[in-house]
Structure formats: C-alpha cells, structure tokens
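Working notes for the structure below.
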Amino acid sequence: SRRELLILKEKPTITEDGRRIELAANIGTPKDVQEVLKKGAEGIGLYRTEFLYMDRNSLPSEEEQFQAYREVLEKMQTKPVIIRTLDIGGDKELPYLNLPKEMNPFLGYRAIRICLDQPEIFKIQLRALLRASVYGNLKIMYPMISSVEEVRGAKEILDKVKKELDSEGIAYKTTIPVGIMMEIPAAAIIGDLLIKEVDFFSIGTNDLIQYTIAVDRMNEKISSLYNPFHPAILRKIKMIIDHAHEAGKWVGMCGEMAGDLTIIPILLGLGLDEFSMSASSILPARRLLGELSYKEMKEVAEEALTLSTAEEIKNYIYRKTSGRQ
Ligand code: PEP
Ligand code: MG
C-alpha cells in the first residue's frame, strides 16, 4: 500500500539476506531534485546535462552550468550525484552547433566524440563541474565510451582544466571519482581494460540494447525486438559487472532496465551495486529488493543465463520470484 511505501522512504535498501544496494534516481534538470528526495532516493545516478544545452540559441556559459550543478549538489547534500557530461547527437540535436546531417545519427558524431573533437566546448563543462564539486558529493561520468583512448583523452582534458583552475587559484575537490557509461558493445567486451582507467561503470541499457541487437530504440515497428531479456543483453551485463568486481570497483545501471521490477531480481543476482531509475520507481524497487534474497537470486541468474530465449528467461525469473513484482 501507499503507506507501506512511505515508511520505506527513510530506510536504506537492504535485501532479505542483508546485501546493501544503492537506489538512485535519474534527473534532467535541477528542478527534478525535489521529487527525487521526496521519493527517498539515496543519490542521483544520472544527471543528463544535455537539457541545459537544448532549446536555446547558444551554448550555456560556464556560470550557468556551474549554478545548475551547484544547485543539484547542494540539495543532495552528502548523497552521491553522478553528473554525465554532454550526450548530444543521436536523437538530441543542437541547431546552433551546426552539426552535419548524418545517415546514421546514432552511430555518428555525438556525445564524447564531439567533446573530444571540440575540447573548447568540453572544457567549459568540466570547469563548471570542478568548481561545483566543493558543494557536494560529485562523480563525473562520460557517455558513449567505446575505447580506452577516449577515456584517456577525456582524462587529459580534465587534468588540463584542473591545472588551469590551480593557476587561477580556484578551488575544486581533488578526489572526484570518474566513471563511464557502458552502453556500447565494444566497451562491454573490453570492460577489463576500461575499468583500469576509471572508478566505476554505469550500464546504459537503453543504448546497449539498441546497439547490441541492432534495433533502433525509437522505432515502433521493431519494438518487439527490443528485449532486455535477450540472452545477449544479460550476458553482456554479467561481463560488465564481473570485470568491474574483479578490479574491486562498483557498477551501477542508469538505463530503463534498472527500474523494471520484472528485471530487478536478475540484476540483483548478477551483482549490480547501484540502480538508477525514475523517481517514481524508487519505493517499489526498495520494497521488492527487501523481499528478495541475494543468494537465491545469484542462483536464479546463473540458471537464467543457461536458457536460450528471452521468453524462457523472463518466465523463469517470474516463476522464481513467485510473481512478487
Ligand atoms: C542509456 O543509454 O541507457 C542511458 C541511460 O542514456 P540515454 O538514455 O540518455 O541515452
Ligand atoms: Mg545512452
């Protein structure tokens, strides 16, 4: 009931057998924070900063960005806030950047690719993020990473920006964790190499599914192919989590899958540490996780990964969780 859910608002997320999970929320603007706190999120797992750049005629200034990031960090106090750098392109256009029309925008000039190609744009965002870092618990995340070179490229630019701030006497936290989105199949395959470069992974299943199954995430006509229970998706998620854990690092998920109550049991069993979702899913997810045993779901996940079809996997998980979702 609604009352039961409200009681869970102030509680941590702990499985029936005592595994601690972090439940975070996805946001698009600082205005969303109020709702996130109302729904009992333990952090922000994805702040999509591209909305700061959209519906306007020019790039947002460093000061504008700083104010937005600072507002979110201050409101979240000590709770972790993962701010993702600009993820433009694909379906999100910025007319004032005069980006070329492309045959395959989702495979094109976007996100970290633009940022590495036009560091003057990227640096303004990184400066704003570093300046805001002193107001809360910031983690920085790069989208659409497909190679180690890209992570190193982003790291170089971040270091340059830090040196600039040093020389200007501007304060920032020196211990900001840096992570990457795992949303491109190539990244999932080289997770063991990528994890050496970063502090954490966050799995972006919206794109990971699109790119793995080669199915446009917006195309209604093929939406039945867009299936998070596809064995290839679950295997990839397992690979990503295992690579991070082998290196002693944590893994979150900020794609839509993370808030899906029918999928949460297997994600728990695969060892996912942090789930980031829309605010409205937090309390139902906390209740469900409180009823699940990590040990049992680990066995369920292992068995599910031996099955051949999405349908079999889905039904198996449903049976094993006795339809609690
Ligand atoms: C994702 O791809 O799963 C993701 C969280 O990023 P976006 O939906 O913004 O592409
Ligand atoms: Mg994405």
Contact list please: Cβ distance under 6 Å, first residue in the range 167-185 and over 19 Å from Gly248 (Cβ atoms), second residue within 16 Å of ligand 1 (Cβ to nearest atom) and part of a loop (DSSP other than H, G, I, E, B), pairs at least six apart or on different chains. Met181/Pro143; Met181/Gly204; Glu183/Gly204; Ile184/Ser146
Selected residue (only one of Gln65, Gln77 is buried (at least 20 other Cβ atoms within 10 Å of the Cβ), away from ligand 1 (no atom under 16 Å from the Cβ) and of a type outside the set (A, V, I, L, M)): Gln65
Residues of the range 194-238 being within 14 Å of Leu272 (Cβ to Cβ) and within 13 Å of ligand 2 (Cβ to nearest atom), in sequence order, are Ser202, Ile203, Gly204, Thr205, Leu208
Of all helices (runs of 4 or more DSSP H) fully inside the range 36-135, the set with 1 or more residues that are modelled with pLDDT under 95 is 50-53
Of these, Ile313, Ile282, which one is crowded, with 19+ Cβ neighbours inside 10 Å, touching a residue at least 24 places away in the same chain (Cβ under 8 Å) and farther than 30 Å from Leu6 by Cα? Ile313
Output the residues belonging to the range 230-261 that are more than 19 Å from the chain's Cα centre (by Cα) and more than 23 Å from Tyr142 (Cβ to Cβ). His230, Pro231, Ala232
Looking at (1) in contact (Cβ under 8 Å) with a residue 40 or more places away in the chain; (2) within 26 Å of Gly269 (Cα to Cα), can you tell me which one Val72 breaks? (2)
Subset of the range 215-250, residues in a loop (DSSP other than H, G, I, E, B) and exposed (fewer than 14 other Cβ atoms within 10 Å of the Cβ), comes to Met218, Asn219, Gly248
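The values are calculated or read from the model by the stated rules, or taken from the named source; none is laboratory data. Because the structure is a prediction, the values reported are computed rather than measured. Positions of Cβ are generated from backbone atoms using ideal geometry, with glycine treated the same way; all protein chains shown enter the neighbour counts.
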